[in-house]
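Each reported figure results from applying straightforward, stated rules to the coordinates on display, with no laboratory input. Keep in mind it's a predicted model, so treat the numbers as computed, not measured. FYI the Cβ positions are ideal-geometry reconstructions off the backbone, even for glycines, and counts take in every protein chain you see.
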Amino acid sequence: MHIVFVCWGNICRSPAAEATFRKLLEKRNLDGNITCDSAGTIGQHHGNPPDPRMRKAAQARNLPIGGTARMATGEDFEKADLLLTMDDFNFSELSSLAPSPALASKIKPFCSYVPGDTREVPDPYYGGASGFENVLDLLEDGCGRLLDELERELAP
């Protein structure tokens, strides 16, 4: 099972989602069964590290965020079982990058795993520190629920 988290530039939300999910996989001893990655729908930040404000907020939660920004590729669609987008714009943009309708069917909004009426993980890039905290809260909740569902699917 392979999951790809997708946001716009791959410097805030999606690398934080990848790190959050990876930490949960390790905690539940599932890192041998499920893998994850992150990507963006634009190449503007290609090669850049995650946003320092996101790294700082995550570090306060003992959540290491690493890697470098990259744009989603056809290989992501081929390898992934699920591509999770952070907002409606990312969903639309990623859908337009899909090599085929069959591969586009792997795209799903991340917030379908967040309870309540939350439809999007807001982009914290232009806001203050509280925006990064809010994003991390949503990611922790959604990643936990996603993994609960995946564990049920993988159970014998």
Of Thr68, Thr41, Thr85, the one that fluctuates the most in a GNM where the chain has Cα springs shorter than 10 Å: Thr68
Label point distance in nm, Lys79-Tyr126, each placed 7 Å from Cα along Cα→Cβ: 3.3
Those lysines that a straight Cα-Cα span of less than 27 Å connects to Lys108, excepting residues fewer than 8 apart in one chain: Lys23, Lys27, Lys79
Compactness relative to 2.2 N^0.38 Å, alpha carbon Rg of the chain: 0.96
Order of Met86, Met54, Met1, Met71 under a 10 Å beta carbon neighbour criterion, fewest first: Met1, Met71, Met54, Met86
Ile65, Ile11, Ile34 arranged by Cβ crowding within 10 Å, fewest neighbours leading: Ile34, Ile65, Ile11
Taking the chain and dividing mean pair separation by its residue count, relative contact order in percent (alpha carbons under 8 Å, at least six apart): 27
